[in-house]
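Visitor: Shown below is the structure under consideration.
No value in this document is a laboratory result; all are computed from the given coordinates. Note that the coordinates shown come from a computational prediction; the quantities given were computed from them, not determined experimentally. Counting neighbours? That spans all protein chains shown, and the Cβs are built from the backbone with ideal geometry, glycine included.
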């Protein structure tokens with residue numbers, strides 16, 4: 001979960017909210033879903049959603065950095 005949070009933060013800091021808003025919105029929704037799953041004790045779902053959020057955030061950051 002912390003890896004996903006860090007990836008989201010790095011993407012936000014790189015400006016990905018402006019250059020890849022749809023991807024970032026999806027990553028943030030997945031992270032919220034992961035946090036809700038974790039609170040409910042649904043650990044597999046939490047991990048899956050956090051990993052997807054992390055991947056999207058990394059991709060959004062890479063797109064942003066390449067575009068600058």
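Visitor: Cα axis of helix 43-67 to longest principal axis of the chain: angle in degrees, 0 to 90, nearest 10?
Guide: The answer is roughly 0 degrees.
Visitor: If you don't mind, another one. Suppose the chain between residue 18 and residue 43 were pulled fully straight at 0.36 nm per residue; how much longer would it get relative to their current alpha carbon spacing?
Guide: Separation in residues times 0.36 nm, less the Cα-Cα distance, equals 5.8 nm.
Visitor: Using per-residue counts of other Cβ atoms within 10 Å, averaged over each peptide, order 37-48, 3-14 from highest down.
Guide: 3-14, 37-48
Visitor: For Kirkwood radius over Cα pairs in Å, pick the label among (i) 11.5; (ii) 12.7; (iii) 13.1 that corresponds to the value derived from the coordinates.
Guide: Correct label, based on the coordinates given: (i).
Visitor: Run the quick spin-label model on residue 55 and residue 1: label points 7 Å from Cα toward the beta carbon, then report their separation in nm to one decimal.
Guide: 2.1
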